[in-house]
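Trainee: Please see the structure below; I have some questions.
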Number of protein chains: 2
Amino acid sequence: MSMNFLELEQVARDWTYEAGEKVKQSLENPIHIESKSNPNDLVTEVDKAIEQFFYEKITQHYPDHLFLGEEGIAEELTSLEGTVWIIDPIDGTMNFVHQKYNFAISVAVYHEGVGMIGIVYDVMSDEMFRAVRDSGAYLNDVELLPVLERPLEESIVGINARWLVEGRNPYQNPLRALVRDLRGTRSYGSAAIELAYVAADRLDGYICVKLSPWDYAAGAVLLEEVGCKISTFQGKRLSMLTPNTVIAGKPQLHKEMISGYVGEEL
Amino acid sequence: MSMNFLELEQVARDWTYEAGEKVKQSLENPIHIESKSNPNDLVTEVDKAIEQFFYEKITQHYPDHLFLGEEGIAEELTSLEGTVWIIDPIDGTMNFVHQKYNFAISVAVYHEGVGMIGIVYDVMSDEMFRAVRDSGAYLNDVELLPVLERPLEESIVGINARWLVEGRNPYQNPLRALVRDLRGTRSYGSAAIELAYVAADRLDGYICVKLSPWDYAAGAVLLEEVGCKISTFQGKRLSMLTPNTVIAGKPQLHKEMISGYVGEEL
C-alpha cells in the first residue's frame, strides 16, 4: 500500500497545532524543570507531555509506524526501515523556560530512510513551516521560493557563540575564522527554528557542532524542498539515529563553509 | 511650562505606528541599499525616509524640541539641554534588508539630559515596548514587572558572536570568558530589540562593544523603568552624544559582568 504523504502531513499538522495549544496553556502555570545530562540541558514536564501526546496519537492511528523522540518514550530505534516519526516536542527548551518564546515543535516523517514530511511550528509566533517531499515548502499559507545565493561575505549565518569559546570543541578556530569572514551571525536558541529560517531565507546558513536527529529531522526536509543543503561538517549525509555535526545553507555557501572552514576531518 | 510626558508618549507612539506602516508598505517594493562607513554598515532609502518623517512631525508640532537621529538629517547636537528626541528610524538595518524581519523603530525623548520616554517598536512582530519615566513600562498593553534575578551561570545574555573574534576588539578575552560562564547567549541583530527583551525578561542581559546613542537611548528608559541597569563596560553613565561600550542587565548580573569580566579600563 502506497502512502499519501500529503494527507499524512495534514494530519501531522493538525496534531501539531493541537500540541501547540497545549503548550500555550501550560505557560499559564509555573513550569517544573529538571536537568538532564548537564545543568544547562533542561527538560520540563511539558516536553514529556507533548511527546506522550504525539506517541499516543501515532500508535493509535498508525500502529505500524515507528517513533523516535527526544524524551525517549518509545523503544530505541536501530534502523530507519518503515515509516518513522521523528519528534522534538519542544525544541529550544531553554527559551521555553526563560523566555516563554522562540521555541518550536518539530515533527518529521521518514519513509525507508527518506525525509517525506517536515514540520517546524514556532508556537508563540504562530509560524508554521512545513514541507512534503517534492510538493513544496510553506510558511503558513505562503509557498517558500527556491533560495537566492549571496556571497559568503554578505551572508548571515545562525551560530551559537558558545562554539567559539568552549575548550572541548575542536572546531573553535575554523568557526572563529568563518564568523570573521561572514557579514553577520544570529542566534535564536532553537536549531529547528534556525533551520526553518534558512529555508525561509531569513538566514543564509546555520551551523552547530552537535545536534541530535530530532533537532534537524524536520528542518532537513524543509531545506531540501527549497534547494538548500544540509550535512555533517564533512559534507556527509546526516544520520537520523545518532548525533552529528550539522551545517546547512544555500548550496554554494554550504560548499564554501565546508571546503574553506569546517570540512577537515578532526 | 512643565511638559506632560504621558501625553507626549501617546503622540510619539502614534507617530511610531504610522512610521511602522510606512516601513511595512516599503517592503512590497525592492529595497535600495547603500553602504555607509564600511560595506556591512547598511543604510536604505527607508531609513532616511522614516527619519525625515519624524523630523518633520517634530519640527512642525514641537518647534522648540531638538533632534538627534542616526541618518543625520538634523544639525549635530553638542549638548542634551532642552527636550531632545533621539531616533533610530530602523534599528537592525541588516535584518531589514536580509530578513524583512526583526528590526525596530527606536524613539526616545530626553529632557535636560534625563530619559523621559522610551519606545522600541518591533514592526513585523507588532510588539510595542514603551515606557514613561516613573510611570511604568509596557509591552503592548501588558505592564512589564520589575525583573527577577538569576545567578550568572543560569543567565542568558544577548551578545553578537563577532565580538569574540574580531582582532581590533580589546574585550575579546573577557567576553569569551563571560560566554563560557553563562548558561547561554542569543543574538537577534538589533540592539534596540535586545535591550527591550532584557526589560521584558526574555534576556537577562545584553552586551555590545560599540553602539551609538540612537541604538540605546530608548532601551535605556525601558530598562531603568523595570529596575535594570545600563552603563558603559566600566559602569559609567552612557553618553547620549558619543558612541559607547554598552552593558545592560538585571542589577546583580550587570554588576557581576562588570566586576568579573569587562570592567577593567583597557
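Trainee: Does A:TYR216 count as touching a residue at least 24 places away in the same chain (Cβ under 8 Å), within 13 Å of another protein chain (Cβ to nearest Cβ) and not β-branched (Val, Ile, Thr)? Quick ask: steps written out before the conclusion?
Mentor: Numbers: touching a residue at least 24 places away in the same chain (Cβ under 8 Å): yes; within 13 Å of another protein chain (Cβ to nearest Cβ): no; not β-branched (Val, Ile, Thr): yes.
In short, no.
Trainee: Inspect all residues belonging to segment B:240-252 and state whether any of them is touching a helix residue (DSSP H, G or I) at 6+ places or on another chain (Cβ under 9 Å), touching a residue at least 60 places away in the same chain (Cβ under 8 Å), farther than 26 Å from A:GLU153 by Cβ and assigned to a helix (DSSP H, G or I).
Mentor: Taking every residue of segment B:240-252 in turn, at least one turns out to be touching a helix residue (DSSP H, G or I) at 6+ places or on another chain (Cβ under 9 Å), touching a residue at least 60 places away in the same chain (Cβ under 8 Å), farther than 26 Å from A:GLU153 by Cβ and assigned to a helix (DSSP H, G or I).
Trainee: Take the conditions surrounded by fewer than 24 Cβ atoms within 10 Å (Cβ to Cβ), within 20 Å of A:MET116 (Cα to Cα) and either of a type in the set (A, V, I, L, M) or under 13 Å from the mean Cα position of the chain (by Cα) (or both) and apply them to A:SER231. Does it pass?
Mentor: Working: surrounded by fewer than 24 Cβ atoms within 10 Å (Cβ to Cβ): yes; within 20 Å of A:MET116 (Cα to Cα): yes; either of a type in the set (A, V, I, L, M) or under 13 Å from the mean Cα position of the chain (by Cα) (or both): yes.
It is true that A:SER231 is surrounded by fewer than 24 Cβ atoms within 10 Å (Cβ to Cβ), within 20 Å of A:MET116 (Cα to Cα) and either of a type in the set (A, V, I, L, M) or under 13 Å from the mean Cα position of the chain (by Cα) (or both).
Trainee: Something else: Please pick out the residue among B:LYS36, B:LYS48, B:LYS22 that is more than 19 Å from the chain's Cα centre (by Cα), basic (Lys, Arg) and at pLDDT 80 or above. Quick ask: steps written out before the conclusion?
Mentor: Details: B:LYS36 fails: at pLDDT 80 or above; B:LYS48 fails: more than 19 Å from the chain's Cα centre (by Cα).
So the residue among B:LYS36, B:LYS48, B:LYS22 that is more than 19 Å from the chain's Cα centre (by Cα), basic (Lys, Arg) and at pLDDT 80 or above is B:LYS22.
Trainee: Are any of the residues in segment B:202-209 within 19 Å of A:ASN102 (Cβ to Cβ) and in contact with a Ser or Thr (Cβ under 8 Å, 6 or more places away or on another chain)?
Mentor: Yes, that holds for at least one residue.
Trainee: Restricting to segment B:65-76, give me the number of residues that are among the hydrophobic types (A, V, I, L, M, F, W, C) and open to solvent by less than 30 Å² (accessible area, probe 1.4 Å).
Mentor: As a first pass, look at segment B:65-76 and keep what is among the hydrophobic types (A, V, I, L, M, F, W, C): B:66-68, B:73-74.
Filter once more, keeping what is open to solvent by less than 30 Å² (accessible area, probe 1.4 Å): B:67-68, B:74.
Qualifying residue count for the region: 3.
Trainee: Kindly state which strands (runs of 3 or more DSSP E) lie completely within segment B:42-146 and contain at least 2 residues that are within 14 Å of chain A (Cβ to nearest Cβ).
Mentor: Details: elements: B:42-44, B:66-69, B:83-91, B:104-111, B:114-122, B:127-132, B:137-139.
Output list reads B:127-132.
Residues checked against (1) modelled with pLDDT under 95; (2) part of a loop (DSSP other than H, G, I, E, B); (3) in contact with a strand residue (DSSP E or B) (Cβ under 7 Å, 6 or more places away or on another chain):
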{"position": "B:ILE207", "(1), (2), (3)": "no, no, yes"}
{"position": "B:ALA220", "(1), (2), (3)": "no, no, yes"}
{"position": "B:ILE230", "(1), (2), (3)": "no, no, yes"}
{"position": "B:GLY235", "(1), (2), (3)": "no, yes, no"}
{"position": "B:LYS255", "(1), (2), (3)": "no, no, no"}
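Trainee: Something else now. Restricting the search to segment B:179-190, which residues are assigned to a helix (DSSP H, G or I) and either facing chain A (nearest Cβ under 7 Å) or of a type in the set (Ser, Thr, Tyr) (or both)?
Mentor: Residues of segment B:179-190 assigned to a helix (DSSP H, G or I): B:179-181.
Answer for segment B:179-190, where residues must be assigned to a helix (DSSP H, G or I) and either facing chain A (nearest Cβ under 7 Å) or of a type in the set (Ser, Thr, Tyr) (or both): B:VAL179, B:ARG180.
Trainee: Are there any pairs with C-beta distances below 8 angstrom linking a residue in segment B:191-203 that is away from every other protein chain (no Cβ under 13 Å) and under 16 Å from B:GLY136 (Cβ atoms) to a residue that is polar (S, T, N, Q) and open to solvent by less than 10 Å² (accessible area, probe 1.4 Å), with the two at least 6 apart or on different chains, and if so which?
Mentor: If the second residue must be polar (S, T, N, Q) and open to solvent by less than 10 Å² (accessible area, probe 1.4 Å), no pairs are left.
Trainee: Also, I was wondering about something else. Checking B:GLU154 against (1) open to solvent by less than 30 Å² (accessible area, probe 1.4 Å); (2) within 17 Å of B:VAL198 (Cβ to Cβ); (3) over 21 Å from the mean Cα position of the chain (by Cα); (4) within 11 Å of chain A (Cβ to nearest Cβ), which single condition isn't satisfied?
Mentor: The one condition B:GLU154 does not meet is (1).
Trainee: Let me ask something else. Name, by its number, the condition in (1) open to solvent by 10 Å² or more (accessible area, probe 1.4 Å); (2) of a type in the set (D, E, K, R); (3) not in a strand (DSSP E or B) that does not hold for B:GLU194.
Mentor: Unmet for B:GLU194, out of (1) open to solvent by 10 Å² or more (accessible area, probe 1.4 Å); (2) of a type in the set (D, E, K, R); (3) not in a strand (DSSP E or B): (1).
Trainee: Given the condition open to solvent by 30 Å² or more (accessible area, probe 1.4 Å), out of contact with any helix residue (DSSP H, G or I) (no Cβ under 9 Å at 6 or more places or on another chain) and of a type in the set (S, T, N, Q), answer yes or no: does some residue in segment B:163-172 qualify? Outline the logic, then answer.
Mentor: The first filter runs over segment B:163-172 and keeps only residues open to solvent by 30 Å² or more (accessible area, probe 1.4 Å), leaving B:166-168, B:170, B:172.
Next, from what is left, pick out any that are out of contact with any helix residue (DSSP H, G or I) (no Cβ under 9 Å at 6 or more places or on another chain): B:168, B:170.
From what's left, of a type in the set (S, T, N, Q): none.
Checking segment B:163-172: not a single residue is open to solvent by 30 Å² or more (accessible area, probe 1.4 Å), out of contact with any helix residue (DSSP H, G or I) (no Cβ under 9 Å at 6 or more places or on another chain) and of a type in the set (S, T, N, Q).
Trainee: Filter segment B:173-191 down to residues that are small (Gly, Ala, Ser) and crowded, with 20+ Cβ neighbours inside 10 Å and give me whichever is nearest to the chain's Cα centre (by Cα).
Mentor: Residues of segment B:173-191 small (Gly, Ala, Ser): B:177, B:184, B:187, B:189-191.
Then keep just the ones that are crowded, with 20+ Cβ neighbours inside 10 Å; that gives B:184, B:187, B:189-191.
Working: B:GLY184: 21, B:SER187: 14, B:GLY189: 11, B:SER190: 8, B:ALA191: 5 Å.
Among residues in segment B:173-191 that are small (Gly, Ala, Ser) and crowded, with 20+ Cβ neighbours inside 10 Å, the one nearest to the chain's Cα centre (by Cα) is B:ALA191.
The values are calculated or read from the model by the stated rules, or taken from the named source; none is laboratory data. Not measured: the values here are computed from a predicted model. Because the Cβ atoms are built from the backbone with ideal geometry, glycine has one as well, and the counts that use them run over all protein chains shown. SASA here: full protein model, heavy atoms, side chains in, ligands and nucleic acids out. Shrake-Rupley method; radii C 1.70, N 1.55, O 1.52, S 1.80 Å.
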